[in-house]
Structures are given as structure tokens and as C-alpha cells.
Ligand SMILES: Cc1cc2nc3c(=O)[nH]c(=O)nc-3n(C[C@H](O)[C@H](O)[C@H](O)COP(=O)(O)OP(=O)(O)OC[C@H]3O[C@@H](n4cnc5c(N)ncnc54)[C@H](O)[C@@H]3O)c2cc1C
């Protein structure tokens, strides 16, 4: 099928883009990498009357240092994140997960801002941002706001974004000394959306007890979720010493089934991916 008719705009400034996005009559919709939006339009699951292509907005591109952490413009593509030394050093969890996000052709076009705005519960990036305690900056013609990742993802394909707002940047705080990270997902084929996946981080020297665990899941609920009871069960222990207790605490997660698996399978797979991530940690 082909997309329904739409007007196409490619603004050259952020101000111009934000002004165009105020057109609610035409359901003005941002176009980033198009890797999700264009298929949705071709299936007529989305029929915006106007596409606002963000590709000329250099203000929204790039990766820079930010107080020891890192700031990533919304239009930064996965392929650019994968090639970034700053991401490898300051946000290694993202570097670990990138090869699992879709396929190379999609990573060449797909953007971090597109993934964040879409809020697919099976996507890796929202859960990574939750694990990293990242913030998401959004802007409209009226000004800008910053949300913590925990307050931004509200449900399946649902975020705190309001009409006329764009995601402009994602900021990841500096990692604490001895902060460690691990990532694990299970998918039917490499590059498919995961059936269940988890990002884990904790502070502690190798072989010692760790503190401040963050365990963030994707593809198990209607949004990315932290497993706080599992985090508490791990606290103060070397990762594998707390693994069984953490798995036993996973019942707190508000599991949701999808086309891949029902709730019982999601619960089982969550335990499997957590143990494997803790081994890596
Ligand atoms: C075959 C296939 C496999 C895939 N596998 C995976 C996978 O395993 N994991 C995964 O995470 N993703 C996967 N994806 C999705 C891919 O990662 C998308 O690129 C991504 O989710 C959306 O990014 P985009 O830049 O292409 O956004 P677009 O498709 O351009 O936009 C997505 C949505 O976000 C909105 N939007 C975009 N940018 C902004 C912004 N700055 N501010 C506000 N709203 C904005 C758009 O209006 C649209 O509603 C897959 C896609 C395909 C086609």
C-alpha cells in the first residue's frame, strides 16, 4: 500500500520546524529517520496531513561532553552513536546495546530521538535511558522542558510529549567511579525486536559487593520498567551472589504479553536475561 497524500516540509531552522508543528489541523508530524513512521504511513496506520522533515536541523545533531556526561542531539543516528568514542567511554551501556538494535540498514537512518519519541515498549533505547538515569529535553515554540526518563515513558507508544513539542536532546550523566554496565536480550533472530531484554548497572569493584543497582527491562511490559525489588535483592552483593533472589523478586513487574509471548513466558525470560546480564556485569 502507499501512504495517503501529505504535505512535505523540510525546514532549515528549529524555530521554523516548531512553527510548522503547531499546525494541528494538518496533524503536522516530525519525520526523523523514517524507519518506523514511513512503514506506518505505508500501512496507513499513520496518516499525517503534513510531514516536517528534521533532517536539515544541525542543532539537533551530534554528540558532545556535558559536565562529564554526554549530550546527544535527537537527530543523531544509531550509526553515529556506534562510531563515537565519547559514547564508548561515557555511555558504554549504549555502545553495548547498539548492535542489537534492528539491522545495519535501519541503524544508518534511525535516530535516538525517533526511538525516544516513538516509545515502542520493545525498543532498547528507552530502557537504556532509564538504566542510565538520562534526561530528555523537549522544545516547543513556547520554550523547553526537561523530563527524567522515568517520567517520560507513560505507556505503549505514549510519552510526556505534547502537541507541537519536539525531542531535541538526550543527556546522560557522568558515570560514577567503578560504575559497571551489562546488557542482554533474547530475540528470535539477530536484529529482530527482543522477546525480553535488560540493561543493568551497579557500582563496585570487580569481585566485590555492588551498590546502587539499576535493572531496566524492555519488551516485558507496556513501557520500559525498572525492577526495583530485584535491585533491592542485589544491593550489597556481588552480582551473581544476588542473582537467585533478584529473579525471585521479578513478580513485581507489571508484565504485558505481545505477539511474541504471553505473560508467563515474559516472566520466565526476564529471569533468564537477568542472570545472563549479571554474569556479564
Ligand atoms: C525491520 C525493522 C526492525 C527494527 N528493529 C528494531 C529493534 O530491534 N529495536 C528498536 O529499538 N527499533 C527497531 N526498529 C525501529 C527503528 O529503530 C526506528 O528507527 C526507530 O524506532 C525510530 O527512529 P526514526 O529516527 O526512524 O524515527 P521516525 O520513524 O522518523 O519517527 C518515529 C516517530 O517519532 C516521531 N519523532 C521522530 N523524531 C522526533 C523528535 N525529535 N521529536 C518528536 N517526535 C519525533 C515521529 O513523528 C514518529 O511518530 C526497527 C525498524 C524496522 C523497520
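The table below lists the values:
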item	result
Hits in the stretch 194-211 - residues which are within 16 Å of the ligand (Cβ to nearest atom) and surrounded by fewer than 24 Cβ atoms within 10 Å (Cβ to Cβ)	195
Residue identified as over 27 Å from the mean Cα position of the chain (by Cα) and not assigned by TED's automatic domain parsing to the domain that holds residue 120 among 23, 27	23
Filter result for residue 154 (assigned by TED's automatic domain parsing to the domain that holds residue 88 and either away from the ligand (no atom under 15 Å from the Cβ) or buried (at least 18 other Cβ atoms within 10 Å of the Cβ) (or both))	no
Conditions (1) part of a strand (DSSP E or B); (2) over 18 Å from the mean Cα position of the chain (by Cα); (3) surrounded by 20 or more Cβ atoms within 10 Å (Cβ to Cβ); number of the one not met by residue 230	(1)
Which listed residue is touching a residue at least 40 places away in the same chain (Cβ under 8 Å) and away from the ligand (no atom under 14 Å from the Cβ), from 173, 177	173
Considering residues of the stretch 116-139 that are near the ligand (Cβ under 7 Å from one of its atoms) and in contact (Cβ under 8 Å) with a residue 40 or more places away in the chain only, the residue surrounded by the most Cβ atoms within 10 Å (Cβ to Cβ)	124
Counted residues, the stretch 38-58 - those being within 8 Å of the ligand (Cβ to nearest atom) and out of contact with any strand residue (DSSP E or B) (no Cβ under 6 Å at 6 or more places or on another chain)	4
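Results for (1) assigned to a helix (DSSP H, G or I); (2) outside the structural domain of residue 127 (by TED's automatic domain parsing); (3) farther than 21 Å from residue 188 by Cβ; (4) touching a helix residue (DSSP H, G or I) at 6+ places or on another chain (Cβ under 6 Å), shown as yes or no for each residue.
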site	(1), (2), (3), (4)
201	no, yes, yes, yes
207	no, yes, yes, no
216	no, yes, yes, yes
220	no, yes, no, yes
223	no, yes, yes, no
255	no, yes, no, yes
259	no, yes, no, no
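The values are calculated or read from the model by the stated rules, or taken from the named source; none is laboratory data. All figures in this text were calculated on a predicted structure; none of them were measured in a lab. When we count neighbours, we look across all protein chains shown, and the Cβ atoms used for this are built from the backbone with ideal geometry, even at glycine.
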